[in-house]
1. Could you list, in sequence order, all residues of region 157-172 that are within 23 Å of the chain's Cα centre (by Cα), open to solvent by less than 60 Å² (accessible area, probe 1.4 Å) and among the aliphatic types (A, V, I, L, M)?
2. Would you check if Leu187 is in contact with a Gly (Cβ under 7 Å, 6 or more places away or on another chain), at pLDDT 80 or above and not hydroxyl-bearing (Ser, Thr, Tyr)?
3. Take region 194-212 and flag every residue that is in a helix (DSSP H, G or I) and exposed (fewer than 15 other Cβ atoms within 10 Å of the Cβ).
4. Val177: within 23 Å of Gly244 (Cα to Cα), part of a helix (DSSP H, G or I) and at pLDDT 80 or above, yes or no?
Amino acid sequence: MMTALTRPATVGNFSRGLLHPFRAFGFIRRQPRLYPYVVIPFAINLAVFSLAVFLGLRFFNQLALDFIPLGDAWYWIFLHYATWVVAVLLTMVLVFFSFTAIGSLIASPFNDILSERTEEILSGVRNEEPFVFKVFLQDLKRTLFDEGKKILLFVLGMIFLLGLNLLPGIGSALYAVLSVLWTIFFLVVEYTGYIFGRKHLGFKDQRRFILAHKLLLLGFGSGLLAILAIPFLQFCAIPLGVVGATRLYFETQQPMPEIPPA
């Protein structure tokens, strides 16, 4: 019997992965028991987003007032508002990274539970392990530590790629392509990480899974990146990513039906 792990990579896998974050919305809507684990990360994301926008615009506004005087001449007015445009664009970039990284870090304990509850619904097997506060604290510490390592790796990677802009000619083009691919890879590692961490599997196992389903997970990361780029819908990106990744992993572990001989 052909298993999920031996499915050939096809373009259809990319489109299937691309739709997984969006389909997670309908799955959550039909499962009221998941609502508490979605509302809390949503509130955290909203708070992080609002704070990042407020601080970013306040900082750049003060910068514009300090260094770009608003005179009566047309060029001072043009320079002032051009600075504001740059400020808004930079704020959007900072908000994206803070929203993706800091929001995921703070919400990670809830995301772990959300992933576990999603898998229980999909498998029909409830986790009967009793709640032990000491174990909970250990899991919380492990989850936050793992999240911190992943975020640090992501930030260092982006700083390294930023240096490509210094290359004449193709530097900016390389940065534009590689930074998007690096972000997609981070999103895939981030949201599938809850499953592997809960099953006490290391990054080696996670990497093997990612390589075995390259197009599927490339599509998943691209879909999630698209959600992050859509205003207001980005508030739902983290729970949609957690549920979407859990469903995707569960589906890949199901055996394919046998194909009768021609």
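The values are calculated or read from the model by the stated rules, or taken from the named source; none is laboratory data. Owing to the predicted nature of the structure, the values given are computational and were not obtained by experimental measurement. Note: ideal-geometry Cβ built from the backbone for every residue, glycine included; neighbour counts use all protein chains shown. Just so you know, the surface numbers come from the protein's heavy atoms only, side chains and all, with ligands and any DNA or RNA stripped out. Shrake-Rupley method; radii C 1.70, N 1.55, O 1.52, S 1.80 Å.
1. Within region 157-172, the first condition is being within 23 Å of the chain's Cα centre (by Cα), and the residues that meet it are 157-162.
Filter once more, so that each one left must be open to solvent by less than 60 Å² (accessible area, probe 1.4 Å): 157-158, 161.
Selection gives Met158, Leu161.
2. On the way: in contact with a Gly (Cβ under 7 Å, 6 or more places away or on another chain): yes; at pLDDT 80 or above: yes; not hydroxyl-bearing (Ser, Thr, Tyr): yes.
So Leu187 passes the test.
3. Going residue by residue through region 194-212, those that are in a helix (DSSP H, G or I) are 194-198, 203-212.
Answer for region 194-212, where residues must be in a helix (DSSP H, G or I) and exposed (fewer than 15 other Cβ atoms within 10 Å of the Cβ): Lys204, Asp205, Arg207, Arg208, Leu211.
4. On the way: within 23 Å of Gly244 (Cα to Cα): no; part of a helix (DSSP H, G or I): yes; at pLDDT 80 or above: yes.
Taking the combined requirement at face value, the residue does not satisfy it.
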